[in-house]
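Notes to accompany the following structure.
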Amino acid sequence: MSEKQCNTEDIKKAADILINAHHAIAFTGAGISTESGIPDFRGPQGLWKQYSPELASIDYFLQHPKEFWLFYRMRMSTLFAAKPNRAHYAVAELEKMGIIKAVITQNVDGLHQAAGSSNVIELHGTMRRAVCLACGRTYPMDVVIKKIDSGQIPPLCDECGGILKPDTVLFGEPVKDFDRARELALMSDAVLVIGSSLSVYPAAYVPIFVKEMGGKVIIINMEPTELDYIADVIIQCKAGDAMTLLLKEIKDRLGIQ
Ligand SMILES: [Zn+2]
């Protein structure tokens, strides 16, 4: 299988759009983190080809919190070792340059923040934290891991004894901060989609809102997406390659080293 090269003309078009935008946002999915070694849940090698998605549903969690946490603990070893890649760093740099105002992500890995992005909306929550289902208190995940590794499975709240749940959105739960995401999308005149198949709703409404308000849609993804028909530019190559080239193109045009 040959690696797809990024199309230089498309990179230039994307740079034009972002440089001329007054309020651009990024919208990211699993594809931005695959180069960090985090498997894409829905892709061909995805986790849901190996395990039933039922394991990540709120119903399963409520019925089998112990089994859920044992499975989650096993997965966390890989996920926590992951480091941001070139694409995450490029997005963070575009935010520092004022080109991108915010990142709306479907990912729960925390790699945007680790790369230096500051305005990040995590629609599907974060695996860096757990939350008490009874009182809502949150705990950093390393504290929770200690509880599990010392034999408290499921881990419990120090305050009220309630069961802790990863602060990620499980199947059957509503997404987080969607109102804020919608508000941002509606005020944006460009969206840079990176590594999402745009097949999961309501998250995929973000580029649709931008388009409906007359904004431009750039899609960087290895595979065709469900919303290619609304895209102004489609770049089909690796997120890290595309973002490295795009960042360089923007810097060259603006005369930034
Ligand atoms: Zn509690």
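Checking the structure you have, find out if any residue of region 216-238 is in the same structural domain as GLN5 (by TED's automatic domain parsing), assigned to a helix (DSSP H, G or I), in contact (Cβ under 8 Å) with a residue 40 or more places away in the chain and not acidic (Asp, Glu). Taking every residue of region 216-238 in turn, none turns out to be in the same structural domain as GLN5 (by TED's automatic domain parsing), assigned to a helix (DSSP H, G or I), in contact (Cβ under 8 Å) with a residue 40 or more places away in the chain and not acidic (Asp, Glu).
Among the residues making up region 132-162, those that are more than 24 Å from the chain's Cα centre (by Cα) and more than 15 Å from the ligand (Cβ to nearest atom) are LYS146, ILE148, ASP149, SER150, GLY151, ILE153. The one condition from (1) within 15 Å of the ligand (Cβ to nearest atom); (2) assigned to a loop (DSSP other than H, G, I, E, B); (3) on the phi < 0 side of the Ramachandran plot; (4) in contact (Cβ under 8 Å) with a residue 12 or more places away in the chain that LYS165 does not meet is (2). Scan GLN113, GLN106, GLN63 and give me the residue that is within 13 Å of the chain's Cα centre (by Cα) and without any contact (Cβ under 8 Å) to a residue 40 or more places away in the chain. Sole residue among the options that is within 13 Å of the chain's Cα centre (by Cα) and without any contact (Cβ under 8 Å) to a residue 40 or more places away in the chain: GLN113. Within region 168-177, the residues that satisfy the criterion of being in a loop (DSSP other than H, G, I, E, B) and either hydrophobic (A, V, I, L, M, F, W, C) or within 16 Å of the ligand (Cβ to nearest atom) (or both) are VAL169, LEU170, VAL175.
Within region 189-209, being in contact with a Pro (Cβ under 7 Å, 6 or more places away or on another chain) and either surrounded by fewer than 18 Cβ atoms within 10 Å (Cβ to Cβ) or in a loop (DSSP other than H, G, I, E, B) (or both) holds for one residue alone: LEU198.
Scanning region 110-147 for residues that are in the same structural domain as ALA15 (by TED's automatic domain parsing) and part of a helix (DSSP H, G or I) yields a total of 5. Restricted to region 50-109, the set of helices (runs of 4 or more DSSP H) holding at least 1 residues that are farther than 30 Å from ASP241 by Cα comprises 58-63, 65-81.
The values are calculated or read from the model by the stated rules, or taken from the named source; none is laboratory data. Keep in mind that this is a model prediction, so the values were computed, not measured. Don't worry about glycine lacking a Cβ; one is built from the backbone with ideal geometry, like all the others, and counts go over all protein chains shown.
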